[in-house]
Amino acid sequence: MKKSIKEQKSVLIILLSNLFIAFLGMGLIIPVMPSFMDIMHLSGKTMGYLVAAFAGAQLIMSPFAGRWVDRYGRKKLITAGLFLFAVSELLFGLSTHVWLLYLSRILGGISASFIMPGVTAYVADITTNKERPKAMGYISAAISTGFIIGPGLGGYIAEYGIRMPFYVAAVIAFLACFLSIFILKEPLSKEQLAEIAENKKRTSFVGDLKKSLHPIYFIAFFIVFVLAFGLSAYETVFSLFSDHKFGFTPKDIAMIITISSIFGVIVQVLLFGKMVDLMGEKMLIQSCLIIGGILAIASTLISSFVAVLAVTCFIFLAFDLLRPALTTFLSRTAGKEQGFVAGMNSTYTSLGNIIGPALGGILFDIDIHYPYLFSAVILLFGLVITFKWKGKKLKESVLEN
């Protein structure tokens, strides 16, 4: 029988910490980009490709991870992912050649493809349908905090050395892996895993991909892609944009992102459930896309530190609220197929994380304002797509599952 969130607080803390650490590593590279560009004579395009390499590896491995998490168990995928992540961060810190930086990012992407579906499926296994929105909100808060606070923390730690953030991340990840091995227990029995694995043998990645195109899933998955594209494109060039346009220091950039992160997580944890009850998932998603698009455009028009801080706070908040709304819906519609949904969620996220940074870096080399303007276009296009998402059908699909 599934227990309440309060009764499983220690397990949830470990799971959320693991997810936080993984996405923390994704963000650590952001504040040191200008320094790495100078030291290794890299272009904005190359830096965008580095971020995209992470997402590319995650994209390739996500379909396998989504199936393995149902076949071999949640715990094994989580611990394996943490170990690979620690190795990737250590390698990045030691790298002196560009190809080693790419190798590090690829290993990091593989690790994320293991950790994210493992944690999502684990949480879905141990929570009731009633409490799942709250649990998914916590997951999103952990992801957002890690991905957004990563650059902030990296900026502060970089004061002690440009490579120090990666050494710190490696140590934390090794510690998290060790604790997870001894504290976490597999939520499903061997019999349950065997039954799920047997059902998986009748399917394939191509079949899962086709299944993700079903109207019940596709619009949500497409918005997942839009979210990943918009956030990664925005954040990839944020430090470069702030450095080139305003002359902000790494500490200034770290302060903006840290304050924005804290603001977003507080609102998300305290108000997300109430906002879903008040507005419904569809309206909340549409509101976040509108706010994100408008503020992406506003980012190109402002100039003062306070204005940049205010815009960043609210654009990150929009992303912070958008993610759990989507994840909750997908988890509810998944039923016993949490691995499928988690794997496809990771796949569409990876697509956005590949195209967003790569295109953002290319556009930045042309004009520093273009990445933000293009992000706004993509977010508003996502808004148009949601109008094909009928609220009544959405509600029925959730109730049926």
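Bear in mind these aren't lab numbers, they're just calculated from the coordinates by the rules spelled out. These figures come from a predicted structure and were not determined experimentally. Note: ideal-geometry Cβ built from the backbone for every residue, glycine included; neighbour counts use all protein chains shown.
Sort the range 218-281 into rounded, prolate or oblate with this rule: let a ≥ b ≥ c be the square roots of the eigenvalues of the Cα gyration tensor; rounded if a/c is under 1.5, and if a/c is not under 1.5, prolate when a/b is larger than b/c, oblate otherwise.
Values: a/c = 4.29, a/b = 1.58, b/c = 2.72.
Oblate shape, in that a/c is at least 1.5 and b/c is the bigger or equal ratio.
Around K45, under 14 Å between beta carbons, what's the net of Lys plus Arg minus Asp minus Glu among the other residues?
Value of the local net charge: -2.
Provide the per-residue ³J(HN,Hα) series for the range 275-288, in order, calculated from phi with Karplus coefficients 6.51, -1.76, 1.60 and θ = phi - 60°, each as a whole number of Hz, with x at glycine and proline positions.
Karplus-based 3J(HN,Hα) across the range 275-288 equals 5, 5, 5, 7, 9, x, 5, 5, 5, 5, 4, 5, 4, 5 Hz.
If you count, for each residue, the other Cβ atoms within 10 Å and average over each peptide, how do 348-356, 282-290 line up from highest to lowest? Don't skip to the answer; put the middle values down first.
Working: 348-356: 25.0, 282-290: 20.0.
Top to bottom by mean Cβ count within 10 Å: 348-356, 282-290.
Residues with beta-carbon under 13 Å from that of V308, excluding V308: net charge, scoring Lys, Arg +1 and Asp, Glu -1?
Net charge in that neighbourhood comes out at -1.
Sorted by average packing, counted as other Cβ atoms within 10 angstrom per residue and highest first, what order do 176-186, 378-388, 11-21 take?
Working: 176-186: 15.1, 378-388: 17.2, 11-21: 21.0.
For the peptides 176-186, 378-388, 11-21, the packing ranking is 11-21, 378-388, 176-186.
Tell me, in nm to one decimal, what length is gained between F381 and Y160 on full extension, where the rule is 0.36 nm per residue of separation less the Cα-Cα distance? Intermediate results must be reported in sequence, preceding the final value.
Details: separation 221, 0.36 × 221 = 79.56 nm, distance 4.26 nm.
Taking F381 through Y160 to full extension adds about 75.3 nm, to one decimal.
Could you compute the FRET efficiency for L373 and V98, with r as their C-beta to C-beta distance and R0 at 30 Å, rounded to 0.05?
E(calc), rounded to 0.05, equals 0.55.
Under 1.5 on a/c is rounded, so check that first for the range 269-317, then, if it is not, pick prolate when a/b is larger than b/c and oblate when it is not; a ≥ b ≥ c are the square roots of the alpha carbon gyration tensor eigenvalues.
Oblate, since a/c reaches 1.5 and b/c is not below a/b.
What does the highest-first list of 83-91, 317-325 look like by mean Cβ count within 10 Å? Provide the component values of the computation, followed by the final result.
Working: 83-91: 23.1, 317-325: 26.7.
Going by the mean number of other Cβ atoms within 10 Å, highest first, we get 317-325, 83-91.
Can you work out ³J(HN,Hα) from phi for every residue in the range 321-326, in order, using Karplus 6.51 cos²θ - 1.76 cosθ + 1.60 and θ = phi - 60°, giving whole Hz and x for Gly and Pro?
In residue order, the calculated couplings are 7, 5, 4, x, 4, 5 Hz.
Taking 0.36 nm per residue of sequence separation and subtracting the Cα-Cα distance, how much length would be gained by fully extending the chain between K211 and I183, in nm to one decimal?
Taking 0.36 nm per residue and subtracting the Cα distance, the gain is 6.6 nm.
Expressed as a whole number of Å, what is the distance separating the alpha-carbon centroids of the range 98-113 and the range 249-284?
Between the Cα centres of the range 249-284 and the range 98-113 lies a distance of 28 Å.
Explain nothing, just compute: Karplus ³J(HN,Hα) = 6.51 cos²θ - 1.76 cosθ + 1.60, θ = phi - 60°, for every residue of the range 298-313 in order, whole Hz, x for Gly and Pro.
4, 4, 7, 9, 8, 9, 7, 4, 4, 5, 4, 4, 5, 5, 5, 4
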